[in-house]
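First up is the structure itself, then whatever we jot down about it.
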Amino acid sequence: TAAQQAHQRGWHLYLVGGAVRDLLLAPGEETLTLQDIDLVVDGFHRAADVGAGVELANQLQEIYPQVRLSVHGEFQTAALIWHKDAQLGSLMIDIATARTEFYPYPAANPQVEASSIRQDLYRRDFTINALAVRLTSPREGELLDFFGGVEDLRSQQIRVLHANSFIEDPTRIYRAVRFAVRLGFKIDPHTEDYIRYAICSGVYDRLRLENHPAPALTTRLRAELTYILEAAYWKPALQLLSNLGALRCLHSNLVLDANLWWQIRFVSRWLKCLDSENHFSHWLIRLEVLIAALKPDEREQIAANLQLPKDSIERLRDLEKIENSVQQNLKKCDKISEIFLLLRQYKVPSLIIVAARSDRLERHRIWQYLTKWSKIQTFLDGNDLKAMGYKPGPQFKQILDQLLIATLDGEIMNREESVEFVTNITEKT
Ligand code: ATP
């Protein structure tokens, strides 16, 4: 329908970007059960009006009222969201008008104007993402490959379209790494040179989080970082980013040395064991460990610049305090109950980060606390105390706490001993 509607208006319609790449990589697989499809409208004889993509999307929504439409004015693109069903999920179809992007200055947000499909593809990141399939007649189904994308798919290379690509858009470094690792491709040697050159050129100072980059840029950077740290392939991706020197784009002091690399893997292992149901965002905690490697007085600001969630910002703000308290006091604890009372003040993600940054004894104690001691329960609860004739109030909590301490320290082994213990302590007071 989209192609028919475009054709009636004298436009061409193209399938572009990741969907074409994935179709070529896995022909025969149902790749178009994809969640995300990018379409581009182009004029037949001359460039289409900037609003053509939006007009087509509006028309499609009239024909299919069940589809939700949202228009992004600034870039003149429209997204149609079609919720198929609970099992198949949603399909998002982005429709844009063929465009050229100007970068008013390096690492800025692009400015957009209407253009032809070739120029639209030229502004894209890598040759393998700059392929298009024409959906309208004549020559419907034709593959447009102006920049050697098919050959790069065959030879498994990530290649930019021009030498300035990374100067224009720093987030492309992160994208290059993401695609290389995800697809098992190599970054072409010239492209790698362009990355290194761009990083050395100082153009990334604008992006560095300590320099308060523009929010739009950090949003894109954060999206790429999220993709990488969430993915199953986060380890090789992070190493490749580090080998390319790309972590310095985030902060000039950020270096993935052996210690930091160990800490991140440590935190991931613990999270896997302790939080198999993913109550916490594991990728976010990995990112926090990276940020925690910076100076304490910088962490909160960096997290805020990256627009991390509130609890994450707070964790980074409080990390130094928690770390000092745990590291100074934990070794002095003689009893399990002392460890329990110290550690129960803090939330699990903070304790895991602190464990990663502590020495063996502390790590061992935090592990015992998280896996064993924090789960120990008293043999009596509030109802039992009521049944024994105690009235709910402040004394209640004190009794239960004392019971817990004695249970943790192995002084009470069963219900009878617990009843005896309560009777003894309340008689004394
Ligand atoms: P994925 O399967 O990860 O979604 P994708 O290629 O669809 O891969 P998107 O981030 O959805 O990735 O981007 C869609 C298309 O937009 C890309 O294929 C690429 O052509 C273009 N694109 C996205 N980000 C950039 C960028 N920073 N610079 C240039 N082109 C980009």
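Descending by average beta-carbon neighbour count within 10 Å, the peptides 214-222, 234-242 line up as 234-242, 214-222, the highest first.
Counting Lys and Arg as +1 and Asp and Glu as -1 over every other residue whose Cβ lies under 12 Å from the Cβ of Gln368, the net charge comes to +3. Here Leu341 and Ser90 are evaluated by their C-beta separation; at R0 = 56 Å the FRET efficiency comes out at 0.70.
Once Rh for the range 269-380 is found with the Kirkwood sum over Cα pairs, what is the Stokes-Einstein diffusion coefficient at 10 °C and 1.306 mPa s, in µm²/s? The Stokes-Einstein estimate is 108 µm²/s. Taking every C-alpha pair closer than 8 Å and separated by at least 6 residues, the mean separation divided by the residue count of the chain gives a relative contact order of 9 percent. Using 0.36 nm per residue and subtracting the Cα-Cα separation, the extra length available between Tyr122 and His364 on full extension is 81.7 nm. What figure, in Å² to the nearest 10, do you get for the accessible area of Ile353 with a 1.4 Å probe and non-protein molecules left out? Its accessible surface works out to 10 Å², give or take rounding. Quote to one decimal, in nm, the extra length available between Cys200 and Leu274 on full extension: 0.36 nm per residue of separation minus the C-alpha distance between them. Gain on extension, Cys200 to Leu274, equals 22.6 nm. Solvent-accessible surface of the range 185-332, averaged per residue with a 1.4 angstrom probe and all protein chains in place: 48 square angstrom. Label separation (Asp311 vs Glu417): 3.6 nm, computed from points 7 Å beyond Cα along the C-beta direction. Straight Cα distances below 15 angstrom link Lys332 to the aspartates and glutamates Glu323, Asp359, Glu362, with same-chain residues fewer than 8 positions distant left out.
Evaluating 6.51 cos²θ - 1.76 cosθ + 1.60 at θ = phi - 60° for every residue in the range 132-147, the Karplus couplings come out as 9, 10, 6, 9, 9, 8, x, 6, 5, x, 5, 8, 9, 9, 7, 10 Hz, glycine and proline recorded as x.
Taken over the chain, the ratio of Cα radius of gyration to 2.2 N^0.38 Å equals 1.30.
Just add up the charged neighbours of Ile336: K/R +1, D/E -1, any other residue whose Cβ is under 10 Å from the Cβ of Ile336.
Residues close to Ile336 contribute a combined charge of 0.
Helix 415-428 and the long axis of the chain differ in direction by around 60°, with both axes built from C-alpha atoms. Centre-to-centre separation between the Cα atoms of the range 120-153 and those of the range 299-328: 45 Å.
Of the listed pairs Lys321/Lys347; Lys331/Lys372; Lys272/Lys335; Lys375/Lys397, which have alpha-carbon separations greater than 22 Å here? Result: Lys272/Lys335 exceed 22 Å. The dipole here belongs to the chain: it is taken about the Cα centre, uses +1 on the Cβ of Lys and Arg and -1 on the Cβ of Asp and Glu, and is about 740 debye. Here the range 143-175 is scanned for amide nitrogen atoms under 17 Å from the site 7 Å beyond the Cα of Thr219 along Cα-to-Cβ, giving 170-172. Per atom type, the range 133-179 shows carbon and sulfur on 45% of its accessible surface, probed at 1.4 Å.
With a simple spin-label model that places each label point 7 Å from the Cα along the Cα-to-Cβ direction, the separation between Gln395 and Asp22 comes to 6.6 nm. Between the helical axis of 282-292 and the longest alpha-carbon principal axis of the chain there is an angle of about 80 degrees. For Ile158, the residues 5 or more places off, or on other chains, whose built amide H falls under 5 Å of its own are Lys186, Ile187, Asp188.
Taking other residues whose beta carbon is less than 15 angstrom from the beta carbon of Gly184, and scoring Lys, Arg as +1 and Asp, Glu as -1, yields +3.
Stretched out straight at 0.36 nm per residue, the stretch from Gln66 to Glu298 would grow longer than its current Cα-Cα span by 78.7 nm.
The values are calculated or read from the model by the stated rules, or taken from the named source; none is laboratory data. Since this is a predicted model, take the numbers as computed values, not measurements. So basically every Cβ, Gly included, is an ideal-geometry build from the backbone, and we count neighbours across all protein chains shown. These area figures cover heavy atoms from the full protein model, side chains too; ligands, DNA and RNA do not enter into them. Shrake-Rupley method; radii C 1.70, N 1.55, O 1.52, S 1.80 Å.
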